[in-house]
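The values are calculated or read from the model by the stated rules, or taken from the named source; none is laboratory data. It should be emphasised that the depicted structure is a prediction, and the values quoted were computed from it without experimental measurement. Using ideal geometry, Cβ is built from the backbone for each residue, glycine included, and neighbour counts are taken over all protein chains shown.
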Amino acid sequence: MLDALDKQGLAENTLVLFSSDNGGVNKPENANLVQTDAQKAGLKPVGPFRGGKHDVWEGGFRVPYLVRWPGHVPAGTVCDETISIVDTLASVAKITGHALPKASEGAEDSHDVSKAWLGEKYEGSLRPDVIVHSADGVFAIRQGAHKWIEGVPADDVKPAAKKAHGAQYQRMLFDLKNDIAEEKEVSAAHPDAVKELEARLNRYRDGGYSRELPPAGVKPKPAFEPLPPLTNAEPLDLTKYKGWTQRDGAMFGKAGDKGVTLTGPVSLKDGVLEFQLLLGEADRHSLRIHTAGNKQSYRVVLSHANLDIAINPPTKDQETIQLGKQRVKFKSSEWQTLRLTFKGEELTAEFAGVTLMAKHAVLAEEKAQLNFIAFEGEVGVREVKLAK
């Protein structure tokens, strides 16, 4: 790259940065052929660090950060300051004289570390702490010698990943000054550090930025606006349905991969069907709707990552007709509202700030039976309402 700049006569006046957004691939099965051969020959892509790309361990984040700017950045110097690649934005803004927006509006996590680039003197650390998280959504925060791992994965992590990465799904504290390989968990010896780092991480996350410490007690912004109240709706008594267990004012079904069904009658053509769903750690929930006379059926399926609508094949030799699919993000540990609006051949599904629309002749038929189906875990359903 520098040779190319030299040929254009730009190298002497150009600021060049070289870094990476994650650590190296540390598992031969995830590497390409050249990397695999190199690792078998003794290459250690992440050196002494634990883990690698996608992990919450140091191997997932420790990367070189090289800066070259002749006449400005002292050549051949080394700085041990802990920074993040996101600090590039604030640092370039400082050098070029551009002001950043408020932390709550932009450059939320970027700190000015230009003094380290330019070899200028400064007191203390340029960054009070650094927040990282794994591909599974496990957050960690580093401050000084300590690194606190929260150990909570995102809701949409697949069961296979949970099994493979289980060692990262624990609350842990490490002393990186004396244990760079993260071999010894030390939270019992440093309860105050755990309390401080956990509180700091939550405060940053609730405030939505870490360039500065958000005010205490700030409430996190809702991920999505709740649906407006459903008017002229009447409750549907699920206690008359069969297949699940009643508990705490809701119906719960627990199953393996074959699913378990809560079944009962309904009478609806055009109108709205709404209910609250607790997905929990179950793999998915499927609402299967049968038309009058059980001639055809279709399903609205919710998993931890997707909402989709499909027509079920009437016979085994026919294929499923996919009508629509949409990514969703929500807290599966909390009750969420799913609203289905039927109008002629159209179905509009609203869930967690997402709207999914589908159209098919089958959707215009009289709805005669509802089947709430839980797969691979326990699902809860409550407050089912109909508005015609």
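Which residues, taken from region 276-296, are part of a strand (DSSP E or B) and surrounded by fewer than 18 Cβ atoms within 10 Å (Cβ to Cβ)?
We begin by selecting, within region 276-296, every residue part of a strand (DSSP E or B); these are 276-278, 284-291.
Gln276, Thr291, listed by residue number.
Given the options Ala75, Ala38, Ala4, name the one that is more than 34 Å from the chain's Cα centre (by Cα), in a helix (DSSP H, G or I), modelled with pLDDT under 95 and small (Gly, Ala, Ser). Spell out the reasoning first.
On the way: Ala75 fails: in a helix (DSSP H, G or I); Ala38 fails: more than 34 Å from the chain's Cα centre (by Cα).
Selected residue: Ala4, the only one of Ala75, Ala38, Ala4 that is more than 34 Å from the chain's Cα centre (by Cα), in a helix (DSSP H, G or I), modelled with pLDDT under 95 and small (Gly, Ala, Ser).
Out of all the residues in region 336-369, which are of a type in the set (A, V, I, L, M) and in contact with a helix residue (DSSP H, G or I) (Cβ under 9 Å, 6 or more places away or on another chain)?
As a first pass, look at region 336-369 and keep what is of a type in the set (A, V, I, L, M): 338, 340, 347, 349, 352, 354, 356-358, 361-364, 368.
Leu347, Ala368 - these are the residues of region 336-369 that are of a type in the set (A, V, I, L, M) and in contact with a helix residue (DSSP H, G or I) (Cβ under 9 Å, 6 or more places away or on another chain).
Among (1) within 28 Å of the chain's Cα centre (by Cα); (2) over 21 Å from Tyr209 (Cβ atoms); (3) among the hydrophobic types (A, V, I, L, M, F, W, C), there is one condition Ile83 misses while meeting the rest; what is its number?
Every condition holds for Ile83 apart from (2).
Residues being over 13 Å from Leu302 (Cα atoms) and either hydrophobic (A, V, I, L, M, F, W, C) or outside the structural domain of Asp257 (by TED's automatic domain parsing) (or both): count how many of those fall in region 369-380.
Qualifying residue count for the region: 1.
Give the residues of region 50-87 that are under 27 Å from Asp112 (Cβ atoms) and either touching a residue at least 60 places away in the same chain (Cβ under 8 Å) or among the hydroxyl-bearing types (Ser, Thr, Tyr) (or both), sorted by residue number.
Let us first name the residues in region 50-87 that are under 27 Å from Asp112 (Cβ atoms), namely 56, 58, 60-87.
Val56, Glu58, Gly60, Phe61, Tyr65, Arg68, Thr77, Thr82, Ser84, Ile85, listed by residue number.
Mind listing just one residue for me: the one in region 337-349 that is buried (at least 18 other Cβ atoms within 10 Å of the Cβ) and in contact (Cβ under 8 Å) with a residue 60 or more places away in the chain and, of those, nearest to Asp283 (Cα to Cα)?
If we take residues in region 337-349 being buried (at least 18 other Cβ atoms within 10 Å of the Cβ) and in contact (Cβ under 8 Å) with a residue 60 or more places away in the chain, then Leu338 is nearest to Asp283 (Cα to Cα).
Being over 18 Å from Leu386 (Cβ atoms), out of contact with any Gly (no Cβ under 8 Å at 6 or more places or on another chain) and surrounded by 12 or more Cβ atoms within 10 Å (Cβ to Cβ) is the filter here, so list the residues in region 247-275 that pass it.
Hit for region 247-275 is Gly259, nothing else.
Look at region 235-257 and say how many of its residues are farther than 24 Å from Lys367 by Cα, not acidic (Asp, Glu) and not in a strand (DSSP E or B).
Matching residues across region 235-257 total 2.
If you scan region 46-105, which residues turn out to be among the hydroxyl-bearing types (Ser, Thr, Tyr) and closer than 22 Å to Pro128 by Cα? Step through it out loud before you land on a result.
Going through region 46-105, the residues among the hydroxyl-bearing types (Ser, Thr, Tyr) turn out to be 65, 77, 82, 84, 88, 91, 96, 104.
Once the filter is applied, which keeps residues that are among the hydroxyl-bearing types (Ser, Thr, Tyr) and closer than 22 Å to Pro128 by Cα, region 46-105 yields Tyr65, Thr82, Ser84, Thr88, Ser91, Ser104.
How many of the residues making up region 163-183 are free of Cβ contacts under 8 Å to residues at least 12 places away in the same chain and either basic (Lys, Arg) or in contact with an Asp or Glu (Cβ under 8 Å, 6 or more places away or on another chain) (or both)?
Initial filter on region 163-183 (free of Cβ contacts under 8 Å to residues at least 12 places away in the same chain): 163-164, 166-167, 179.
Filter again for either basic (Lys, Arg) or in contact with an Asp or Glu (Cβ under 8 Å, 6 or more places away or on another chain) (or both), leaving 163.
Final tally of qualifying residues: 1.
Select from region 322-345 the residues that are among the charged types (D, E, K, R) and in a strand (DSSP E or B) and write down the one among them that is farthest from Val301 (Cα to Cα). Reasoning before the result, please.
Taking region 322-345 and keeping what is among the charged types (D, E, K, R), we get 325, 327, 329, 331, 334, 339, 343, 345.
Now narrow it down to the ones that are in a strand (DSSP E or B): 325, 327, 339, 343.
Details: Lys325: 9, Arg327: 12, Arg339: 13, Lys343: 20 Å.
Residue satisfying both the conditions and the ranking: Lys343.
Just a yes or no: is a residue in region 346-362 under 21 Å from Gly264 (Cβ atoms) and either part of a strand (DSSP E or B) or not assigned by TED's automatic domain parsing to the domain that holds Gly259 (or both)? Can you show your working first?
Filtering region 346-362 down to residues under 21 Å from Gly264 (Cβ atoms) leaves 347, 349, 362.
The next check asks that each one be either part of a strand (DSSP E or B) or not assigned by TED's automatic domain parsing to the domain that holds Gly259 (or both); those that pass are 347, 349.
Yes, that holds for at least one residue.
Given the residues Ala223, Ala193, Ala199, Ala189, which is the only one that is aliphatic (A, V, I, L, M), surrounded by fewer than 15 Cβ atoms within 10 Å (Cβ to Cβ) and either assigned by TED's automatic domain parsing to the domain that holds Ala368 or in contact (Cβ under 8 Å) with a residue 12 or more places away in the chain (or both)? Full working, then the answer.
On the way: Ala193 fails: surrounded by fewer than 15 Cβ atoms within 10 Å (Cβ to Cβ); Ala199 fails: either assigned by TED's automatic domain parsing to the domain that holds Ala368 or in contact (Cβ under 8 Å) with a residue 12 or more places away in the chain (or both); Ala189 fails: either assigned by TED's automatic domain parsing to the domain that holds Ala368 or in contact (Cβ under 8 Å) with a residue 12 or more places away in the chain (or both).
Result of the check over Ala223, Ala193, Ala199, Ala189: Ala223.
Being surrounded by fewer than 17 Cβ atoms within 10 Å (Cβ to Cβ) and at pLDDT below 95: is that true of Gly97 here? Please lay out each step first, then the result.
Values: surrounded by fewer than 17 Cβ atoms within 10 Å (Cβ to Cβ): yes; at pLDDT below 95: no.
Criteria not met by Gly97.
Here are some residues: Ala161, Ala167, Ala154. Which one is small (Gly, Ala, Ser), surrounded by fewer than 19 Cβ atoms within 10 Å (Cβ to Cβ) and in a loop (DSSP other than H, G, I, E, B)?
On the way: Ala161 fails: in a loop (DSSP other than H, G, I, E, B); Ala167 fails: in a loop (DSSP other than H, G, I, E, B).
Answer to the check: Ala154.
Restricting the search to region 298-325, which residues are surrounded by 15 or more Cβ atoms within 10 Å (Cβ to Cβ) and without any contact (Cβ under 8 Å) to a residue 40 or more places away in the chain? Before you say what the answer is, go through the steps one by one.
Looking only at region 298-325, we keep the residues that are surrounded by 15 or more Cβ atoms within 10 Å (Cβ to Cβ), and these are 298-312, 323-324.
Listed by number, the residues that qualify are Arg299, Val301, Asn306, Ala310, Asn312, Leu323, Gly324.
Of the residues Ser286, Ser267, which single one is among the small types (Gly, Ala, Ser) and either under 30 Å from Pro222 (Cβ atoms) or outside the structural domain of Ala255 (by TED's automatic domain parsing) (or both)? Write out each step before concluding.
Details: Ser267 fails: either under 30 Å from Pro222 (Cβ atoms) or outside the structural domain of Ala255 (by TED's automatic domain parsing) (or both).
Of the residues listed, the single one that is among the small types (Gly, Ala, Ser) and either under 30 Å from Pro222 (Cβ atoms) or outside the structural domain of Ala255 (by TED's automatic domain parsing) (or both) is Ser286.
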